[in-house]
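Here's the structure, in structure tokens; my notes come after.
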Amino acid sequence: MFPKPRINRLFAADGKCFDVAIDHGFFNESAFLAGIENMRSAIQTVLSAGPDAVQLTVGQAPLLQAVPGKQKPALVLRTDVANVYGKTLPSYLFSRMIDDPVKQALRLDAACLCVNLFLLPDQPEVHAECIENICLLKPIADEYGMPLMVEPLVMQDNQKAGGYMVDGEIDKIMGLVRQAVELGADIIKADPCTDITQYHQVVEVAGVIPILVRGGGKASDPEIIERTVELMRQGAKGIVYGRNVIQHEKPAAMTRALMSIVHEGADNKTALKILSQD
């Protein structure tokens with residue numbers, strides 16, 4: 001199922017993964033910095049709860065990789081930067097890859113690369129840039145045995161939704177997820193759909209490629225816990241959450257609560273109890 005040995009550093013023995021995304025500073029949105037103003041502290045807080053992976057950029061990955069010991073989480077390296085998250089889109093949009101992403105990942109001892117596949121309303125050129133990025137990455141990543149995580153993002157209109165908001169229409173999500181699979185993704189980091197009980201359809205359309213579900217915008221504790229429990233029931237192999245962890249008043253406790261859902265099958269009540277204990 002998995003052609004690359006590094007993928008075993010990302011997924012636990014049960015085949016599940018919780019990746020905490022702390023790469024938000026890459027996108028030049030000041031609102032994304034809440035909770036991660038001090039990156040060294042933010043990373044240490046998350047590490048104390050023992051997630052499977054941490055998603056970082058080339059500029060911040062050394063903070064994780066400088067931590068001694070064998071038990072630290074795997075590094076997922078963000079490879080592309082974009083300017084599509086603001087409430088008002090600029091006149092020139094881009095999704096740009098860093099230079100030599102695979103070699104940089106190897107030097108940083110990353111276990112995986114992450115690259116976007118955007119679908120924005122009336123912005124086909126950004127979608128085309130993302131496809132080009134993936135097509136350039138795929139053969140080089142395969143040559144060096146580096147797993148490729150593709151992040152299909154179906155987004156709402158920025159002015160309507162305020163930027164970075166998921167379009168939960170399941171048909172759009174399924175189409176983009178399948179395109180990511182066809183482009184050669186080893187792992188999919190996908191949007192949740194509006195009706196979470198339908199998410200097995202997204203899992204099915206991805207076939208043998210494991211799906212990790214992204215957290216999206218900030219949500220209440222009961223909402224994010226309930227959603228995660230149901231997503232795992234629907235067949236997701238894990239989650240990639242950022243702001244719902246790093247902007248939480250108790251990020252380590254939230255990490256532990258979510259880990260209990262992903263790896264122990266905890267229900268809503270159990271996970272909320274773990275969250276309240278810290």
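Largest first and to the nearest Å, give the Cα extent of the range 26-120 along each principal axis.
Cα extents, longest axis first: 46, 30, 19 Å.
Name the most mobile residue of PRO152, PRO121, PRO192, meaning the one with the largest mean-square fluctuation, in a Gaussian network model of the chain with Cα contacts below 10 Å.
So, out of PRO152, PRO121, PRO192, the one fluctuating most is PRO121.
Compute the distance from the alpha-carbon center of the range 240-278 to that of the range 51-90, in whole Å.
The two parts, judged by their Cα centres, are 20 Å apart.
Taking the range 1-69, how much of its Cα-Cα pair set, in percent, is spaced more than 17 angstrom apart?
On the way: 1130 of 2346 pairs.
Counting pairs separated by more than 17 Å, the tail of P(r) holds 48 percent.
Taking 7 Å along the Cα-to-C-beta vector as the label spot, tell me the GLN104-ALA31 distance in nanometres, rounded to one decimal.
The two pseudo-label positions are separated by 2.6 nm.
Distance check, please: which entries in LYS138/LYS172; LYS138/LYS269; LYS70/LYS237; LYS16/LYS269; LYS103/LYS189 exceed 32 angstrom between their Cα atoms?
Details: LYS138/LYS172 23 Å; LYS138/LYS269 42 Å; LYS70/LYS237 24 Å; LYS16/LYS269 21 Å; LYS103/LYS189 22 Å.
Over 32 Å apart, Cα to Cα: LYS138/LYS269.
Connecting C-alpha atoms closer than 10 Å in a GNM of the chain, tell me which of ALA13, ALA236, ALA141 has the biggest fluctuation.
Per the Cα network of the chain with a 10 Å cutoff, ALA13 tops the list.
First obtain the Kirkwood hydrodynamic radius of the chain from its Cα pairs, then insert it into the Stokes-Einstein equation at 37 °C and 0.692 mPa s, and state the resulting D in µm² per second as a whole number.
Values: Rh = 18.6 Å.
Value of D from the Cα-based Kirkwood radius: 177 µm²/s.
Quick one: Cα convex hull volume of the range 184-278, Å³ per residue?
Working: hull volume 8.7 nm³, N = 95.
Cα convex hull per residue, to the nearest whole number: 92 Å³.
Take the solvent-accessible surface of the protein heavy atoms, probe 1.4 Å, and return the percent of it on the chain that carbon and sulfur atoms account for. Please report the intermediate quantities before stating the final value.
Numbers: 5930 of 11870 Å².
Heavy-atom surface of the chain belonging to carbon and sulfur, 1.4 Å probe: 50 percent.
Work out the length of the dipole vector of the chain about its Cα centre, built from +1 on the beta-carbon of each Lys and Arg and -1 on the beta-carbon of each Asp and Glu, and round it to the nearest 20 debye. Could you put the intermediate results ahead of the total?
Working: 27 positive and 34 negative charges, 178 e Å.
The calculation lands at about 860 debye.
Tally Lys/Arg at +1 and Asp/Glu at -1 over every other residue whose Cβ is under 13 Å from the Cβ of ILE7; what's the total?
On the way: positive: LYS4, ARG6, ARG9, LYS16, LYS237; negative: ASP19, ASP52, ASP142, ASP186.
Around ILE7, the charge tally is +1.
Expressed as a whole number of Å, what is the distance separating the alpha-carbon centroids of the range 109-144 and the range 162-214?
15 Å
Got a sec? Charge dipole of the chain, +1 on Cβ for Lys and Arg, -1 for Asp and Glu; which of ALA82, CYS193, ILE211 is way out at the positive end?
Comparing the listed Cα positions along the dipole, ILE211 ranks first.
How much mean residue ellipticity at 222 nm does the chain get from its helices, if each DSSP H run of length 4 or more adds -39500 (n - 2.57) and you divide by all residues, to the nearest 500 deg cm²/dmol?
Working: 12 runs with 110 residues, N = 278.
Value at 222 nm, helices only: -11000 deg cm²/dmol.
The values are calculated or read from the model by the stated rules, or taken from the named source; none is laboratory data. As the structure is a prediction and not an experimental result, all values here were calculated from the model. Cβ sites come from the backbone with ideal geometry, for glycine too, and all protein chains shown count toward neighbours. Each accessible area value is taken on the protein alone, full model and side chains, heavy atoms only, with ligands, DNA and RNA left out. Shrake-Rupley method; radii C 1.70, N 1.55, O 1.52, S 1.80 Å.
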